[in-house]
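Structure first, commentary second.
The values are calculated or read from the model by the stated rules, or taken from the named source; none is laboratory data. Bear in mind the structure is a predicted one, so any value in this text is a computation, not a measurement. Every residue, glycine among them, receives a Cβ derived from its backbone with ideal geometry; neighbour counts consider all protein chains shown. Protein only, heavy atoms only, side chains kept; ligands, DNA and RNA dropped before computing areas. Shrake-Rupley method; radii C 1.70, N 1.55, O 1.52, S 1.80 Å.
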Amino acid sequence: MSAPPLESEHTHGPLIPLALAALGVVYGDIGTSPLYALRECFVGEHSLPISVPNVLGVLSLVFWSLTMVVSIKYLLFLMRADNDGEGGILALLALLGSRAANGNARRNGLLLVGLFGAALLYGDGVITPAISVLSAVEGLQVATAAFEPFILPISATILIGLFLVQRNGTAGIGAVFGPLMLLWFATIAWLGLHAILSQHPQQASVLSALNPMYAVEFFTRNGIKGLLTLGAVVLCVTGSEALYADMGHFGPRPIRLAWYGVAFPALLLNYFGQGALLLAEGEKIANPFYQLAPTWGLYPLVVLSTIATIIASQALISGAFSLTQQAVQLGYAPRFKIVHTSGTAVGQIYMPEINWALMVTCVILVMGFKSSSNLAGAYGIAVTGTMTVTSLLFYVLTRERWQWSVPKAGAVIAAFLLFDLSFLTANLPKVLDGGWFPLVVGLAVFSVLTTWKRGRGELAQRLAEGSLPIDLFLQDVAVQQPHRVEGTAIVMTSNPQGVPPVLLHHLKHNRTLHKRVVLLSIVSEKRPEVPADQRVAVTDLGQGFYRVVARFGFIETPRMTQILTACQTHGLTFDLMSTTFVLGRETLLPSGRSPMARWRKRLYGFLARNAPSASNYFEIPPNRVIELGVQIEL
């Protein structure tokens, strides 16, 4: 039995500034959950009666959920399961990917489960901006019912504006995220503390809910209805995956400091303050979060809440960009246009297609569900599904990489799954009330991920069948001696072995070769970043032929200028004005012998046709590119 490895502590910068930045980026989602989480337990459609045992029972569930899921599962355990400093479900999959792809049915099944968990994150990423902004703007209704007709238009306008500014990058607004979220946490902590201190001495103290027996008694007293209440309690831990996914940006220590020092105590004070208000006012409470505020502070609180939810939404949108980039690099998704919005920060990217898809979907959700309570019915399935999958993958990691014994690994994972599966079970009845939406999004994304991966494999096999060993090809060139023209041809190929079919196609029809021919393969590695000294490998094949293999991590975007510059250290220099890039353009026909289902073949063909060309994705000068088309049957 071995202990988990020491954490990867990359040099990110000073601890306190990083913790402040992490507060703004990582804890936006979970930090705005008090807007709606406790309300859904007592004021929602399937609400509980407001009584001392029920309030204390729910508060106890909130406390122990935050403690077990966030403080212990994610911050204590999962942050030690890093891939060269990077976290998140795809980074965890990359750690297990090479072993899962060995043909073993169980491991391949685990890989599919992991991909489905990653796909569910998109459902979470779509719902979070909608429910967060809508719940903040609904605070206007607490002041006066006259605002009710304007809630939806205001929410939709804020969301559209948020997506429109994405093209400018997050560097500018990111600098103020941390201080604003610090103000937010300080405000909600003060509101909660004031309510706790104002509690009448004859009322049951809400602080007694720290005793877990109140949670146990809550279930024994309420039965099935108590279990279903977990479907609302889970809202208090939404955003937990962000702690793990954003680990590479800040490092474990700043994220932990921000949680234990600010976010955790502020959230507990606010939830317990809402509980004290419910005990004091009972059925008079319609929105316990906003009714914590004094009358003079309501409008400022709505403004601050809206700002906080925009920050939470920004974090999820950026997360969707990063998740898509990782999926592309790991070979699970087609290429998307990536715009780097910062010349220094690698992670600051903008993906137009993903941005517009999220914007349209968020606006449709706001207009379709009409209230944050209705959206809360859709929220939870995606979160709990991803949390459960992460626990299962972590179990495999502890057994196979950390060499934990079955009892040790089983005990830890059983504790995690007790919460994960309870939350998931409680959310199953929500499927008909809107929970179907994130499932549909997850299934659609899952179909794309698996189809693209399978299609790439089948296409690579067909291309390999039409390839030639490089030695035979060079012998034939020496014998035939085709006409060689001035300049360099860079022939891009996904297979770093043999001769690419596009080169054979070119020689067959044009009967010429450039005096220097470079066979370039870009390989995605199952690690976040590749060191500069390992970026390219150059092999001189003779007769003016070279093979270049460029390697990139799954959070990096390959750029042709970067590759050509790296080649100079190996003595291979390029003049772009005398360099031609030869690319293959495959037309896929679904009439081949591939065992892929016909619908998958058609879907893969559609995705391939609509993906950005290699010249755009790799930023190749368009006036230096020639494309040769070939038809391939799958």
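If Rh is defined by the Kirkwood formula over all Cα pairs and Rg also comes from Cα, what ratio Rg/Rh do you get for the range 391-486? Please report the intermediate quantities before stating the final value.
On the way: Rg = 25.9 Å, Rh = 19.2 Å.
That ratio is 1.34, to two decimals.
Please work out the average accessible area per residue across the chain, using the 1.4 Å probe convention, and give it in Å². Kindly include the intermediate steps, with their values, before the conclusion.
Working: 25910 Å² over 634 residues.
Ligands and nucleic acids excluded, the figure is 41 Å² per residue.
Along each of its three principal axes, how wide is the spread of alpha-carbon positions in the range 179-319, in whole angstrom units, largest first?
47, 39, 24
Once the Cα gyration tensor of the range 310-391 is found, what semi-axes does its equivalent ellipsoid get, as square roots of 5 times the eigenvalues, in whole Å, sorted largest first?
Details: eigenvalues 131, 60, 31 Å².
Here the semi-axes work out to 26, 17, 12 Å.
What part of the accessible area of the range 198-341, given as a whole %, is carbon or sulfur when the probe is 1.4 angstrom? Intermediate results must be reported in sequence, preceding the final value.
Numbers: 3380 of 5230 Å².
Percent of accessible area from carbon and sulfur atoms in the range 198-341: 65.
Going by average Cβ neighbours within 10 Å, how do the peptides 439-448, 21-30 rank, with the highest at the top?
Per-residue mean Cβ counts within 10 Å order the peptides as 21-30, 439-448.
Using alpha-carbon positions, what is the distance between the centroids of the range 423-454 and the range 380-417, in Å?
When both Cα centres are located, 21 Å separates them.
When DSSP assigns beta bridges and you keep just the ones with both residues in the chain, what percent turn out antiparallel, to the nearest 5? Each step should come with its number before you reach the end.
Details: 10 of 39 bridges.
Roughly 25 percent of the beta bridges in the chain run antiparallel, per DSSP.
Given the peptides 517-529, 374-386, arrange them by the average over their residues of other C-beta atoms within 10 Å, most packed first. Working shown, then result.
Numbers: 517-529: 20.2, 374-386: 26.0.
Descending packing order for the listed peptides: 374-386, 517-529.
On a 0 to 90 degree scale, rounded to 10, what angle separates helix 598-610 from the longest Cα axis of the chain?
It is inclined by approximately 80 degrees.
What is the Cα centroid distance between the range 141-166 and the range 456-484, reported in whole angstrom?
60 Å
Given bins 5 angstrom wide, list per bin the percent of all Cα-Cα distances in the range 258-358, short to long.
2, 10, 13, 15, 13, 10, 10, 10, 8, 5, 3, 0
Using only the alpha carbons, work out the radius of gyration and Dmax of the range 512-578 in angstrom.
12.6, 40
Would you mind computing the Rg to Rh ratio of the range 183-241 from its alpha-carbon coordinates, Kirkwood style for Rh? Walk me through the intermediate numbers first.
Numbers: Rg = 14.8 Å, Rh = 14.0 Å.
That ratio equals 1.05.
Quick one: Cα centre-to-centre distance for the range 215-244 and the range 350-371, in angstrom?
What the calculation gives is 28 Å, centre to centre.
With axes computed from alpha carbons, what is the tilt in degrees of helix 470-480 against the longest principal axis of the chain, rounded to the nearest 10 within 0 to 90?
Helix 470-480 sits roughly 30 degrees off the main axis of the chain.
If packing is taken as the mean number of other Cβ atoms within 10 Å per residue, what is the order of 153-162, 235-244, 358-367, highest first? Show your work: numbers first, answer last.
Numbers: 153-162: 17.5, 235-244: 25.9, 358-367: 19.7.
Packing order, densest peptide first, comes out as 235-244, 358-367, 153-162.
log₁₀ I(q)/I(0) of the range 22-72 at q = 0.19, 0.27 Å⁻¹, via Debye over equal Cα point scatterers, no solvent, to two decimals?
After summing over all Cα pairs, the log10 values are -0.74, -1.08.
Short version: what are the Cα gyration tensor semi-axes of the chain, square root of 5 times each eigenvalue, largest first, in whole Å? Don't jump to the answer; show the numbers that get you there.
Working: eigenvalues 531, 117, 100 Å².
Equivalent ellipsoid of the chain: 52, 24, 22 Å, largest first.
At a probe size of 1.4 Å, how large is the accessible area of TYR299, to the nearest 10 Å²?
The accessible area of TYR299 comes to roughly 110 Å².
Amide H neighbours of ARG516 under 5 Å, counting only residues 5+ apart in sequence or on other chains, H built in-plane at 1.01 Å?
Close amide H contacts, sequence-distant or interchain: GLY487, ALA489.
How compact and how long is the range 378-447, expressed as Rg and Dmax of its alpha-carbon atoms in Å?
Expressed in Å, the Cα Rg and Dmax of the range 378-447 come to 14.3, 43.
Considering every pair of different Cα atoms, what Kirkwood radius, in Å, is found for the range 437-576?
Details: mean 1/r = 0.0587 Å⁻¹.
It is 17.0 Å.
Quick one: angle between helix 381-400 and the longest Cα principal axis of the chain, in degrees between 0 and 90, rounded to 10, please.
Roughly 60 degrees, rounded to the nearest 10.
Calculate the all-directions average of the projected area of the range 111-224's alpha-carbon convex hull, and give it in nm². Walk me through the numbers on the way to the answer.
Numbers: hull surface 53.4 nm².
Answer in nm², one decimal: 13.3.
Using a basic spin-label model with each label point 7 Å from the Cα along Cα→Cβ, how many nm lie between ASN616 and LEU468?
3.4 nm
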